[in-house]
Each structure stands twice: as structure tokens, then as C-alpha cells.
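The structure appears right after this line, and notes come after that.
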Amino acid sequence: MARRIATGIDIGTHQVKVVIAEVVQTKSGSTYPKILGTGLSESKGLRHGYIVNIADVSRSVAEAHAQAEQAAGVQTKKTFLSIGGIGLDEIKTTGETIIQRADSEVTDLDVEKVIEAAHTLAEPNLTNRRILHQIPLSYTLDGHKVHGNRPQGMNGTKLEVEVLFITTLKQHHDDLVAAVEETGIEVLDEMASPLAGSFVTLSKEQKMKGVVLANIGAETVSIVIYDHSIPVSIKMFDIGSANITDDLALALRIPPEDAEKLKLNKLAGEGYPEKRVRSIIQQRLKTIFTLIEAHLKEIGRSRMLPAGIVLAGGGAGIGDIREIAKSCLKLPSRTAQLQVPENTQIKDSSWAVAYGLTIWGLTSEQETQAGTMVRNAGNSFTKFFKQFLP
């Protein structure tokens, strides 16, 4: 039997992370994903997640990929790629259709038509944008909500749907794919980075009850909100932990290198006023969580997520971030625990996106190395959404 191996590439503003994983079968017959190798390089040619120099990004990807291949002892030429950056956004629309069959039974064709109707209504907002995922949030049949999110087989006259379209700037998407493929690696499919990270940082129970996953990056903060196992919203904020470094450098008139160490509590005994340092860090963190709370209010989920907020990314351990999140959002707060097999090579949740991409690939119904995947929003959604059904 051919080995089932998947590669995930996460191109961040500061670092490129690559994970290579394989499906391994135990003696009892069960399977689990084994991480074969990882690679890490400094990101070059990006600003706020956007590519400003494709050649520089390609070199960073090639370096991290080569490290992962060497550690894994295998060569991989196909990958799954995360799409992030502040251009990531969402559009919600509703569509409706009349059931076609004479006996009024809802079929797959009716579902396709109603989603296409929602897509048509979204088109005015799709100029220069590409749909990464289309996620039906709820169906209504003759005015009654369909429970279980599967109307096929039911009987009625009019079917309605609310759809979440997760989009990115087309130019940004095309530049990212081009940067990877210039290294000789084929991009099989792409996934929004917050969704990829949620594969290995959130449990099924958390997604069912309602939770917000916040990835605190250097220059951006991304969130994805789950309710009843469905990702109901995604948002990127143009702010990150690097802003805290800048705040400290300006307020205390110290070099950015020292401010970064101070932020991470690695510059002890240098005589900086502890109370003031703490206040500066807290103020910026409060700004971040105020933005998140405003979005939760906008979508009607403020204080309505029993599983609370889960903090991931490189900035998830700064200061008393958990207490600030809890205070601002009035929700339970915890640090993400990466759900990986024992004795694995990675522990830090900053690897969640790259590792989550490999899980997405390995749990696909199709062989991840077959190269037969259709790269479009419909396929991306179908494969992605099945992972979160209870």
C-alpha cells in the first residue's frame, strides 16, 4: 500500500513553517498522524501577510521545506497551503429555490441550486476576491428550520439557505500560490489559516458548545467562531504582538530588540519600571480583545460562547493575557493545547496551522498524493466541513 503523506505550508509574516506527516497504522488496526519532519525559516518578502517580493518568499519556502524533507527522510512535491493576511474576510448571504421534483422531495440538485442562488447574491462583493470556502450555516424549508443541516430527503416547496463565504484577495492568493510553486512544489489546495489551526487546537466538544479561537500573531490577530460544530464567522485584525514591542520601545525609549525581550519577560533585572511595563502590555492586549468583543456583538455571539476563548499563536503567552481576555469578553479563557500524538516534534501552538493542514490532507477521502483534487471552493468546503460533523 502506498504511503499516505501530506505536507502543510504556513507562510506567516515573520516565519515560514512546514510540517510533513504520515498516516500510521498501529498493531490494533487504528491509525494516527505521525509527524515525520518540520522546517522553519525566516519569512522574507512579506508585509502584514502580503507578498511584496515573490522571489524572496520562494527562497524562504524552499529553505523551510528542505529542512522538513531532510528531517522526514522523504521528498514531497505536493502541499496544502494556508491563506491568511488581513485580506481574509467573510460574506454572508441567503439564497432560495423552489423544489423541482413532482413529489416535493429535496434532492442534491436542489441544494446545489440554493447555494448557487446565495453565491449569485454575493457576487457584487466578490470583485478582486476569491472564495476559499463556502459553508452553509442553516437551511429553512417552507419557513421551518432544518435541524442537522441536511435537507435532502425532506419534502417541501421552497428551500432557503444562509451561506458563509470565506474570501481572500485574489492577487494575494495567486501570489502565495506562485511563490510556492516556483520552488517546484504543487499546491493541491488552500485553506484559510484560522480554520486550519482549529483542526488541532479545538475539541469537538468546544466547537459544539460554542468557542472563539484567537491566533495572536506578530502583525495580525485572526479569529474563528464555532457554534454547534459549524464555523459561523472568521475575522482578521490588523494588529498583533509586534505592536506591543513598538509600544514598549516608544514609551521606554529602548531599542526594539530590548523591547521584544521585555515583552517576553526575558529582560529581568535591567531596572525597567515593572508596573509601567505591565500597564503598557495590558493596554495593547485590551485593544485586541475590545476588537474581538465588537465582532462578537456584531454577529450576536457576545457572551454566548460557553467554551469561551482559546488563545493560540506566538503571542498567546504574553503577560496576563488570559485574565485580560476573560475580563474583556466575559468568557472563560484558556491557552490552546496542541492536539498531537505523544513524543511528537512540536508542542507550540504556533505550529497549529501547518500541522492542521496535514491533518486536513490526511483525513481527506482522496489520497493526498494522488493529485486528483479539484482546487475550488466547493471541494475545499466539502472536505473541510466533514471534519466538524458531530
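Only the coordinates and a few stated rules stand behind these numbers; no lab work does. Since the model is a prediction, treat every value here as computed from it, not as a measurement. Cβ atoms come from the backbone with ideal geometry, glycine included; neighbour counts cover every protein chain shown.
Things to note:
- In order along segment 17-31, the Karplus-derived 3J(HN,Hα) couplings, from 6.51 cos²θ - 1.76 cosθ + 1.60 at θ = phi - 60°, round to 10, 10, 10, 10, 9, 9, 6, 10, 9, 7, 4, 7, x, 6, 10 Hz, and Gly and Pro are given as x.
- Its residues counted as N, segment 204-335 yields a C-alpha radius of gyration over 2.2 N^0.38 Å of 1.10.
- Dipole check for segment 89-168: with +1 at the C-beta of Lys and Arg, -1 at the C-beta of Asp and Glu, and the Cα centre as origin, the magnitude is about 160 Debye.
- Sequence-distant residues sharing a close amide H with Ala316 (under 5 Å, placed H): Ile216
- The phi-based Karplus calculation (6.51 cos²θ - 1.76 cosθ + 1.60; θ = phi - 60°) puts the 3J(HN,Hα) values of segment 71-82 at 5, 7, x, 9, 9, 10, 10, 10, 8, 10, 10, 8 Hz, whole numbers, x for Gly and Pro.
- Around Leu264: net Lys/Arg minus Asp/Glu count, Cβ-Cβ under 13 Å: 0
- Averaging the Cα positions of each part gives two centres, and for segment 88-122 and segment 12-76 these lie 38 Å apart.
- Exposed-loop-free span, longest in the chain, where trypsin sites (Lys or Arg not before Pro) count as exposed if DSSP calls them loop and at most 14 other C-beta atoms lie within 10 Å: 102-252
- Taking other Cβ atoms within 10 Å as a rough exposure proxy, Ile185, Ile244 sort from fewest to most as Ile185, Ile244.
- Whole-Å distance, taken between Cα centres, linking segment 142-182 and segment 298-333: 27 Å
- In plain terms, the chain is cut at each of the GluC sites (Glu not before Pro) found in a DSSP loop with at most 11 other Cβ atoms within 10 Å, and the longest leftover piece is 1-269.
- Residues with amide H under 5 Å from that of Gln15, placed H, sequence gap 5 or more: Ser43
- Derived scalar couplings ³J(HN,Hα) [segment 154-164; Karplus, 6.51 cos²θ - 1.76 cosθ + 1.60; whole Hz; x for Gly, Pro]: 7, 10, x, 10, 10, 10, 10, 9, 10, 10, 9
- Average Cα contact separation per residue, segment 204-335, under 8 Å, 6 or more apart, as relative contact order %: 29 percent
- Rg/Rh (Cα only; Kirkwood hydrodynamic radius) as it applies to the chain: 0.99
- Sites Val24 and Arg253 - FRET efficiency at Förster radius 45 Å, r taken between beta-carbons, to 0.05: 0.25
- Close amide H partners of Leu164, meaning residues 5 or more places away or on another chain with modelled amide H under 5 Å apart, are Ile135, Leu137.
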